[in-house]
Amino acid sequence: MEYITLNNGLKMPLIGYGVYQVNDLKECEESVYQAIVAGYRLIDTAAVYMNEEAVGKAIKRAVDEGIVKREDMFITTKLWLQDYDDVQTAIDTSLEKLGLDYIDLYLFHQPMGNYVGAYRVMEDNYREGKLKAIGVCNSYPHVLADLCETVEVIPAVNQIELHPFFQQPLALQTAKQYGVVCEAWGPFAEGGHGIFTHPVLSEIGKKYQKTAAQVALRWNIDRGVVVIPKSVHKERIEQNIDIWDFQLDEQDMQKIAELDTGKSDIVNHFDPEFVKMVHSVKAHEERKINK
Ligand code: NAP
C-alpha cells in the first residue's frame, strides 16, 4: 500500500474500497472482507448507504482472524444532510454501527443546508479524538475556498467526482492551495463513457499489460488523488488494487488529459431539481431530537 499524508499528519492509503450501492448486506460484508484480504486498508462508506453495520462486521472478522489490525485500517464514513442539525447523534450512531471507537475520516456528504454548522460539530469531535480527520464531499472550488476561509480546522479531504472524463483541474488547484487532499469518487465514471474498453485507456494499458480500469486509477493516483473504486467481484477487487508496478509517462498523461469533457454525466449540483431530490433522501427514520 502507498499513502498520502494529510494536513494533520495522518497517513491515508492512496487506494480504498467504496461501498456505494452495495445494498445487499451479506454481499457488502463479504466484499469488504475480500477487499481487506486483497490488501485494501481504506473502506469508504456513508450513513446514507445504509451498510455501515455490514462494513463493521467485515472489519471485525478480518481483525479477529488476524488479517489486519484495527489501527492499520482507515475507515471513512459520511454525515447525511438529514442529520446536519443533529451531528452528534449521527456520529455516535455511525460509530456504533461500525463497531468502532473512532472514525479515521468523517466527511459531510453534501455542501447543502446548514453544512457550516454541521462542520463545527465535526470540528469538536475531531478535537476530542472521535474523528481522526474531517473533511467534505462534493465541494466545488468556490465552496471549498469559502469553507476554508470560514472554519478553524481546514478539511483534510474533499471527496469529489474525478475520472478521465471529468478531471476538474480547478478543484485540484484550489485543494492544493489550502492543503486539502482530493479523493475521487466514481473513479470509473460509474462505468460510463465505455471506460472499461475505452480505446485510449486500453491502448495505454497494453504498454504496461494493464487494463483500462487500472490505467484510470493510476492516472488519478499520479495526480496525487486518492481513489476508492467499487466492485462486488473478487477478481475486479484484486485487479483494481494491482496498480503499484507501473506509472504513466508524460505522453500517457497528455492523451488522458484530452478525454476531459469538463462536466459530470452523473450528478448536477447546479440543477435545482437535483438539490431538491438530495434533500428528500433519508438515511433513516426521523429521530426525536430532545433539545
Ligand atoms: P465507480 O467505482 O466509478 O464504478 C463502479 C462500477 O464499476 C461498478 O458497476 C463495478 O461493477 C464496475 N467495476 C469496478 N471495477 C471494475 C473493473 N475492474 N472492470 C470492470 N468493471 C468494474 O463508482 P462508485 O461506486 O459510484 O464510486 C466509488 C465509490 O465512491 C463509491 O462506492 C462510494 O464509496 C464513493 N462515492 C461517493 C460519493 C459522494 O457523494 N461522496 C458519490 C458516489 C460514490 P461491479 O461491482 O459489478 O464489479
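The values are calculated or read from the model by the stated rules, or taken from the named source; none is laboratory data. Treat the numbers as computed from the prediction; the structure is a model and nothing was measured. Glycine also receives a Cβ, built like all others from the backbone with ideal geometry; neighbour counts cover every protein chain displayed. Accessible surface is based on the protein model in full, side chains and every heavy atom, while ligands, DNA and RNA are left aside. Shrake-Rupley method; radii C 1.70, N 1.55, O 1.52, S 1.80 Å.
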In the range 75-89, anything of a type in the set (A, V, I, L, M, F, W, C) and open to solvent by 10 Å² or more (accessible area, probe 1.4 Å) is listed as Trp80, Leu81
Got a number for residues in the range 90-127 being surrounded by fewer than 17 Cβ atoms within 10 Å (Cβ to Cβ) and in contact with a strand residue (DSSP E or B) (Cβ under 9 Å, 6 or more places away or on another chain)?
2
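Rundown of residues vs (1) of a type in the set (S, T, N, Q); (2) under 16 Å from Asp83 (Cα atoms); (3) in a loop (DSSP other than H, G, I, E, B), yes/no style:
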{"residue": "Met122", "(1), (2), (3)": "no, yes, no"}
{"residue": "Tyr126", "(1), (2), (3)": "no, no, no"}
{"residue": "Val136", "(1), (2), (3)": "no, yes, no"}
{"residue": "Val153", "(1), (2), (3)": "no, no, yes"}
Which of the residues belonging to the range 9-41 are assigned to a loop (DSSP other than H, G, I, E, B), within 12 Å of the ligand (Cβ to nearest atom) and open to solvent by 10 Å² or more (accessible area, probe 1.4 Å)?
Tyr20, Gln21, Asn23, Asp24
Listed by range, helices (runs of 4 or more DSSP H) wholly within the range 197-291 having at least 1 residues that are of a type in the set (Gly, Ala, Ser) are 199-208, 212-222, 250-257, 272-280
Output the residue which, of all residues in the range 42-63 that are away from the ligand (no atom under 15 Å from the Cβ) and either closer than 28 Å to Tyr178 by Cβ or not hydrophobic (A, V, I, L, M, F, W, C) (or both), is least open to solvent (accessible area, probe 1.4 Å).
Gly56
Residues being part of a strand (DSSP E or B) and not β-branched (Val, Ile, Thr): count how many of those fall in the range 86-114.
4
Go through (1) open to solvent by less than 10 Å² (accessible area, probe 1.4 Å); (2) touching a helix residue (DSSP H, G or I) at 6+ places or on another chain (Cβ under 9 Å); (3) within 15 Å of the ligand (Cβ to nearest atom); (4) among the hydrophobic types (A, V, I, L, M, F, W, C) one by one and return the number of the condition Cys137 breaks.
(2)
